[in-house]
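Just below is one structure, and these are the notes that go with it.
The values are calculated or read from the model by the stated rules, or taken from the named source; none is laboratory data. The model shown is predicted, which means the values in this text are computed figures rather than measured ones. Positions of Cβ are backbone-derived with ideal geometry, glycine not excepted, and every protein chain shown enters the neighbour counts. Areas reflect the complete protein model, heavy atoms only, side chains present, ligands, DNA and RNA absent. Shrake-Rupley method; radii C 1.70, N 1.55, O 1.52, S 1.80 Å.
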Amino acid sequence: MNRIETALVTSPPRRWLQHYEVHLLTKLGGRTPGARVAEIGCGSGYGTKLILDKFGAAGVDAVDLDPAMITRAARRLQRYAGRVRLAQGSATDLRAAFATFSGGTDASYDAVFDFAIIHHIPNWRDALAEVARVLTPGGRFFFDEVTAAALARPSYRRLFDHPGKDRFTAGEFLAELPRHGLDVGDRWVTRVGGDYLLGVATKSGRTEEVTN
């Protein structure tokens, strides 16, 4: 993530947009009261705050590749001491990232949140496999993603730094989910002509009641 995108994702307009995304994700998949949650690519911690405040999670284990973002998130989330654990590491290896507090093992989490990070990951399919691995049966994967349609636009190419190969369309992302035991059904929407994809997939296993 370059300096322009870092400034954008930590800006007030991005925080406002995340409230809209949370509203859509809640409509699609419900809340997570009392859940143990993981967040991949937590950035400055604003999404983590929303997971706690709006979705009602009991606790969040959050990871980001950038140690500077972990420092920002730690400052933002000070008042949630005891409910948030932050780790620097990769979304494709949560076992290693969360090793210091014994997280990231198989079937560890009731929900995993992705606020627009997987499109940054070159081996994005590995990230989905890791999400599925750590979810409990019936656990939910909440995702908000930027697709290849957006990344191909001149504005994105000029301003931001993303992997240049093997980026997913909305259809390709949705098709990959069941390959990892994640059932999305009709719980997804696109915005801005397919540039953005939001949805909630459930890991195969027991059926979990959605709480509105």
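Here are the numbers for the structure shown:
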{"read-out": "Which listed residue is at pLDDT 95 or above and over 13 Å from the mean Cα position of the chain (by Cα), from R140, R85", "value": "R85"}
{"read-out": "Looking only at the range 164-184, and only at residues there that are touching a strand residue (DSSP E or B) at 6+ places or on another chain (Cβ under 8 Å) and under 17 Å from A111 (Cα atoms), the one that is most open to solvent (accessible area, probe 1.4 Å)", "value": "D183"}
{"read-out": "Matching residues, the range 125-155, being over 18 Å from K203 (Cα atoms), free of Cβ contacts under 8 Å to residues at least 40 places away in the same chain and open to solvent by 30 Å² or more (accessible area, probe 1.4 Å)", "value": "A152, P154, S155"}
{"read-out": "Residue count, the range 91-124 (criterion: in a helix (DSSP H, G or I) and crowded, with 18+ Cβ neighbours inside 10 Å)", "value": "6"}
{"read-out": "The range 114-130, residues that are over 15 Å from T147 (Cβ atoms) and modelled with pLDDT under 95", "value": "P122"}
{"read-out": "Subset of the range 10-40 (residues that are closer than 21 Å to I118 by Cα, of a type in the set (G, A, S) and at pLDDT 95 or above)", "value": "G29, A38"}
{"read-out": "L86 vs. criteria under 26 Å from Y46 (Cβ atoms), of a type outside the set (D, E, K, R) and open to solvent by less than 10 Å² (accessible area, probe 1.4 Å)", "value": "no"}
